[in-house]
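A short worksheet on the structure shown next.
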Amino acid sequence: MPSTAAIALRGIVKRYPRVIANDGVDLVVDKGTIHAVIGENGAGKSTLMKILYGMVRPDEGSIELAGRPVRFASPREAIAAGIGMVHQHFMLVRPLTVYENVVLGQEPGRALRWDRRQARSEVSRLSKEYGIAVDPEARVAELSVGEEQRVEILKVLYRGARTLILDEPTAVLTPGECEELFATLRRLKQAGSTILFISHKLKEVMALCDRVTVMRRGKTVGEKACAETSREELARLMVGDMEIAESKSSDFRYEAAPETALELESVCVAGPHGRRALSEISLSVAAGEILGVAGVEGNGQRELAQAVCGLLPYYGRIRRAGRAAYIPEDRHRCGLLLCAPAWENMLLGRHREREFSSPLSLDQAAIRRYGRALVSDFDLRPPDLEQRAAAFSGGNQQKIVVGRELSKSPRVLVAAHPTRGVDIGAAALIHDRILRAKAAGCGVLLISADLDELLALCDRIAVLYSGRLMGVLPRGQANLETLGRWMAGLEQA
Amino acid sequence: MKRSLSVALLLIFSMTACRRPQPQAAQAASAPLKVGLVFDVGGRGDKSFNDSAFRGLQRAAKELGIKYDYIEPAEPADRENALRQFASGDYPLIIAVGFIFTDDVNRVAEAFPKKHFACVDYALEPGQAVPPNVVALKFREQESSFLGGVIAALTSKTKTIGFVGGMDVPLIHKFEAGYRAGAAWADAKVKVLVSYAGVTPQAFKDPAKGEEIALSQIAQGADIIYHASGSTGLGVFEAAREKHILAMGVDSDQYKDAPGFVLTSITKNVDEAVFQVIQRQLEGKFKGGVIELGLKEKGVGYVYDEHNKALIPARAREQAERARALIVADKLQVPFK
Amino acid sequence: MRALIKSEGRWITAAAALSLAVLLLGVVGLGRNPALVLRLMVSRVLLSPYGLGQTLYKTTTLIFTGLACALAFRCGLFNIGAEGQVYAGGFLMTAVGLALPGLPAVLLIPLLLVVSALGGGLWALLPGYLKAKRGAHEVITTMMMNFIALALTNYLVMARFHVPETIHTQELPAAASLPLAGAFARTFQGSAVNASLLVALALAAAVWYFLWRTPLGFELRAVGANPEAARSSGVPVESRLFLILVASGALAGLAGVNFILGYKHYFEQGFAAEEGFLGIAVALVAKNHPVGVVFAALLFALLSQAGLALNTVIPRELFEILQSAVIFIVVICQNRLGEKA
């Protein structure tokens, strides 16, 4: 086969003080294909992409673009060589319009008086050419998440990228938006672009990509054509010998007339611009029950979680069987003290408990004992209580948060997207621990954008749309069609 | 900008200063006198008091052949610290600039009884003696203010003159008393308007307030205003320029602050005082106690030069000089309250 | 704890070495003899008991203001009002001391210590309240409180308390004096270093214990590290922000003890000029760690005393540049270390 490799990374090694992030990684991507890179969190995907994009310099190894060796000192050089990165977290200036964001930094025209007309026409030409539907005049602040992502893609295309790196692009999208993204990517491929698709979601990879490279613990462990492999095989490659804990929720028996763990009565929460973020929500969660909350993000899930945890003022009544344990949706923003060691993160929120402290002192020995127990219970890696939270991989960070919250033996748990951005192994473990809490009689409110997760864990599933409760279905009666219609706000139960 | 420029100049100055050959291992008899001078915190470069003291030091170096060093304390607690640095070195005479040093000089003078100290504007507490090895340099500002009063009274066309004091304290009352007395001595019919800018040290740093007071005095008919109020006086000059009247400066020659509108400045010659103390030390005549400098000792005076000659009428100049002669001859007592 | 001192110590030593290098560079640039400067620095500051005493005196004040800033920074707040808090604490202490002439030292001194902390805390009360209730930025409010404190104490001293022809109050009763080091070790005689140094050191240890060994201290650090996470974990963030500023103010308020109870025995207008800003520098160099604050305060005190002792040889401006250079070096180094970690 003639060498049509758009990108060839060979023998890439990157060492950090505590870990080897990339240990002899090879990645060859053919021109005009969509190539997936998959792996658990901390497998080294992000480091590899940062090396390709010039953000990190490798200690060893070579990079070739279309057969020519290159060496990038900065993203600027990578961009000049035709590589573009669509980040997981968007980097847009919200008050500016779409076209302004797209041309920002490379405005057409002279330095002091740039040519807005040309910028606008350039951006609409690009969006027509690749079928990326977005209004160039709209303000970014008014766009949906999916549209923002399209702006990011336009930005990359505007800079002349022929190779696009998409870092977990579907993590923030609704199923419908995912489909649109995939259509866009396929069109880009037809136009001759090469796409690197970083993901956890095997289903998407199988549906979209031509080839897939699997990484584990800093190494490439396999490269397959998607047509010749299966999700099961890829999953096995990703997690290695570790068994995927198949967590099946035992069916909840209502006839046992259990006590109520959480009850909401006509709860309303004020939103921005005089709108209601939550409107007349009434629901209840029994002890030992998991109630799933589905919905496209931004339809009141966050407010629901925060209101239940007492972090947001609300109208109406909320009754809890005890203080709610809370796994927040954004562990970096709300869950962790990133610069603090693991043990302090495990202590946060429990530091006033008599087990760990008197008013004038913290019981160091008891805290370490508890920390070590949590480490082994949650298989925290590395098992180092002194390591700063920021230095753990995403999955292990989430284990710290989940471990801490569940260690409180809560009667009520609010879990918002507990496995988002988390590798399969950690996700399975987290699911298992949530089920254990349920078995111990905890009432769980599980908010997730992942219907598979909800269907696997929940006893009942509720759908939020535009701050209203569209309906609640027992798991047995739930199906994708009904839930999908509710999530789109099409009909109400 | 000005400040950084002056810092740069001082840097250059001190660089060149250091190239002077250092007298090494010279005999005590033939070695030049070494004088240490301590500025107030942030004092050097004030274009007034502290700089004037420094000029005296430089003059002594030139005319009397002494050597000097100076220290600028960085914080209030460093004042005593700096005095002790000199006292423990080979500096027989140490000069502190400002009344704020009074306590510090007392302490260090007690610890180093063989060293001599001079403190400009040393604050004498009633019933308290000056230590035997300390000279308190005081000024009879009332005498020069008296001459100022004479000139103002005889220059005024409206026969109304003004006085703007800074902080309402005894030190500034001396200026007012002399000024009033001088005006009355020259022309009993002249009316003197008096205002103070405040009761806190801020009153010495409030040009806006100074302008406000001056404008109100001008509205009452004043056409000459004397200020003894630090930078508050800049506002007085501003009012003078705006309303085309004349102002009088204080402490050093302030002609340049409002050229054409400064009748004269009532000066306090700290340089002269510093020079005289050094001279006494050299002649072996240093004696602890208060040294008061008035017109006779040339410690105070007023400016009369090519800039303002034209502004002062001949009769005013004549009478002012007559008053000076009377005061110097002790034939005229100037009140200080 | 020992390891901590070691790591902090190494850090400050590096800063000290770098600043010495910058100093000698400056000296050579001015055409002076660096060997002479070094010799004078050693003989006039390090080997002279008086110079050492003065250094320790300066260290004391800087430990107080450094701790105040470090506590606030550590907890995510930028208290730049330390200077105003020093005045407030110092003035209240002086006023109370003057009002209670008859009390014995055993009662009076602890009382005055508490009062000075109270005064400083009081001065941070409004910024703390505004921060907690209105989200007003503490940089603005504490800075404004600086101006108010300076103007107000200036006014009160002159209008009510001052000794004629001075800018300070009457002297406090003798019972309010903290002993000078010279009273115990003759070698320090004449120097201003006094028992406040012990208070400062004890306070540094107490702040360390509080932040790292008590649940409340842990909460405050959590608020500093990530207020959202702290809130999600049930920490009442607003009331803690208030507490942080007030505690920081109280620490700064104690700084006046060194000058007033230990040295001059009266309140003098503007006696703490710049101490608040130096406190910020000390906290920066110390990486906001109480143990580091002690060493960083010593470093800045050494620079200041060396600047004075060498003023006859090299211009003081060089030492002022040097202080800024130290801060620059430290900030740059910290960022680089932060990247690597």
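Remarks
- Of everything listed in (1) away from chain C (no Cβ under 14 Å); (2) surrounded by fewer than 18 Cβ atoms within 10 Å (Cβ to Cβ); (3) over 29 Å from A:Leu480 (Cβ atoms), the single unmet condition for A:Tyr314 is (2).
- Residue that is farthest from the other protein chains (Cβ to nearest Cβ) [pool: residues in the stretch C:168-197 that are surrounded by 15 or more Cβ atoms within 10 Å (Cβ to Cβ) and hydroxyl-bearing (Ser, Thr, Tyr)]: C:Ser177
- Tally, over the stretch C:41-57, of residues that are at the interface with chain B (Cβ under 10 Å from one of its Cβ atoms) and open to solvent by 10 Å² or more (accessible area, probe 1.4 Å): 3
- Scanning the stretch B:171-183 for any residue that is small (Gly, Ala, Ser) and open to solvent by 30 Å² or more (accessible area, probe 1.4 Å) turns up nothing.
- Residue count for the stretch A:41-60, restricted to those that are in contact with a helix residue (DSSP H, G or I) (Cβ under 8 Å, 6 or more places away or on another chain) and on the phi > 0 side of the Ramachandran plot: 2
- Note on the stretch A:317-334: residues that are more than 25 Å from the chain's Cα centre (by Cα) and within 8 Å of chain C (Cβ to nearest Cβ) total 1.
Yes or no, residue by residue, for (1) in contact (Cβ under 8 Å) with a residue 24 or more places away in the chain; (2) buried (at least 16 other Cβ atoms within 10 Å of the Cβ); (3) of a type in the set (Lys, Arg); (4) assigned to a strand (DSSP E or B):
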| position | (1), (2), (3), (4) |
| --- | --- |
| A:Gly32 | yes, yes, no, no |
| A:Val37 | yes, yes, no, yes |
| A:Ser46 | yes, yes, no, no |
| A:Ile51 | yes, yes, no, no |
| A:Val56 | yes, yes, no, no |
| A:Ser62 | yes, no, no, yes |
| A:Pro69 | no, no, no, yes |
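- The condition of being within 11 Å of chain C (Cβ to nearest Cβ) and open to solvent by less than 40 Å² (accessible area, probe 1.4 Å) holds for only one of B:Ala87, B:Ala53, B:Ala61, that being B:Ala87.
- Residue within the stretch C:320-329 that is within 11 Å of chain B (Cβ to nearest Cβ), in a helix (DSSP H, G or I), buried (at least 21 other Cβ atoms within 10 Å of the Cβ) and of a type in the set (A, V, I, L, M, F, W, C) present: no
- For the condition open to solvent by 20 Å² or more (accessible area, probe 1.4 Å), out of contact with any Gly (no Cβ under 9 Å at 6 or more places or on another chain) and within 30 Å of C:Ala250 (Cβ to Cβ), C:Leu38 does not qualify.
- Pick from the stretch C:203-239, criterion polar (S, T, N, Q) and assigned to a helix (DSSP H, G or I), ranking: farthest from the other protein chains (Cβ to nearest Cβ): C:Ser239
- Options C:Glu268, C:Glu275: the member that is under 11 Å from the mean Cα position of the chain (by Cα) and either at pLDDT below 95 or away from chain B (no Cβ under 14 Å) (or both): C:Glu275
- Taken together, the residues in the stretch A:452-493 that are in a strand (DSSP E or B) and not hydroxyl-bearing (Ser, Thr, Tyr) amount to 12.
- Qualifying positions in the stretch B:294-330 - over 20 Å from B:Phe175 (Cα atoms) and open to solvent by 90 Å² or more (accessible area, probe 1.4 Å): B:Glu306, B:Lys309, B:Ala310, B:Arg315, B:Glu318
- Within the stretch B:168-212, tally of residues that are more than 11 Å from chain C (Cβ to nearest Cβ), closer than 23 Å to B:Phe49 by Cα and in a strand (DSSP E or B): 2
- All conditions but one from (1) within 14 Å of chain C (Cβ to nearest Cβ); (2) open to solvent by less than 10 Å² (accessible area, probe 1.4 Å) apply to B:Ala152; the one that does not is (1).
- Screening the stretch C:141-167 for residues that are of a type in the set (Phe, Trp, Tyr) and open to solvent by 60 Å² or more (accessible area, probe 1.4 Å) and picking the one that is farthest from the other protein chains (Cβ to nearest Cβ) gives C:Phe147.
- Within the stretch B:121-138, the set of residues being touching a Lys or Arg at 6+ places or on another chain (Cβ under 9 Å) and either more than 28 Å from B:Arg280 (Cα to Cα) or buried (at least 24 other Cβ atoms within 10 Å of the Cβ) (or both) comprises B:Val135 only.
- Test for C:Thr94: is it among the hydroxyl-bearing types (Ser, Thr, Tyr), buried (at least 17 other Cβ atoms within 10 Å of the Cβ) and under 30 Å from A:Ala340 (Cβ atoms): no
- The set of residues from the stretch A:447-457 being open to solvent by less than 40 Å² (accessible area, probe 1.4 Å), out of contact with any Leu (no Cβ under 6 Å at 6 or more places or on another chain) and within 10 Å of A:Val293 (Cα to Cα) comprises A:Ile447, A:Leu451, A:Leu454.
- For the stretch A:268-292, a tally of residues being within 24 Å of C:Glu228 (Cβ to Cβ), part of a strand (DSSP E or B) and either open to solvent by 20 Å² or more (accessible area, probe 1.4 Å) or touching a helix residue (DSSP H, G or I) at 6+ places or on another chain (Cβ under 6 Å) (or both) returns 5.
- Taken together, C:Ala136, C:Ala117, C:Ala105, C:Ala132 contain a single residue that is crowded, with 17+ Cβ neighbours inside 10 Å, more than 14 Å from every other protein chain (Cβ to nearest Cβ) and at pLDDT below 95, which is C:Ala132.
- Qualifying position, being among the hydroxyl-bearing types (Ser, Thr, Tyr), within 30 Å of A:Thr97 (Cβ to Cβ) and either part of a loop (DSSP other than H, G, I, E, B) or open to solvent by 20 Å² or more (accessible area, probe 1.4 Å) (or both), among A:Thr220, A:Thr170, A:Thr184: A:Thr170
Residue-wise test of (1) crowded, with 16+ Cβ neighbours inside 10 Å; (2) in a helix (DSSP H, G or I); (3) touching a residue at least 60 places away in the same chain (Cβ under 8 Å); (4) in contact with a Gly (Cβ under 9 Å, 6 or more places away or on another chain).
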site: A:Arg368; (1), (2), (3), (4): no, yes, no, no
site: A:Glu405; (1), (2), (3), (4): yes, yes, yes, yes
site: A:Leu429; (1), (2), (3), (4): yes, yes, yes, yes
site: A:Arg433; (1), (2), (3), (4): yes, yes, no, yes
site: A:Leu445; (1), (2), (3), (4): yes, no, yes, yes
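- Residues considered: A:Leu374, A:Leu337. Of these, the only one that is assigned to a loop (DSSP other than H, G, I, E, B) and either open to solvent by less than 20 Å² (accessible area, probe 1.4 Å) or more than 7 Å from chain C (Cβ to nearest Cβ) (or both) is A:Leu337.
The values are calculated or read from the model by the stated rules, or taken from the named source; none is laboratory data. This is a predicted model, so every value here is computed, not measured. Cβ coordinates were reconstructed from backbone atoms using ideal geometry, including for glycine residues, and neighbour counts include every protein chain displayed. Just the protein is used for accessible areas: all its heavy atoms, side chains included, with ligands, DNA and RNA removed. Shrake-Rupley method; radii C 1.70, N 1.55, O 1.52, S 1.80 Å.
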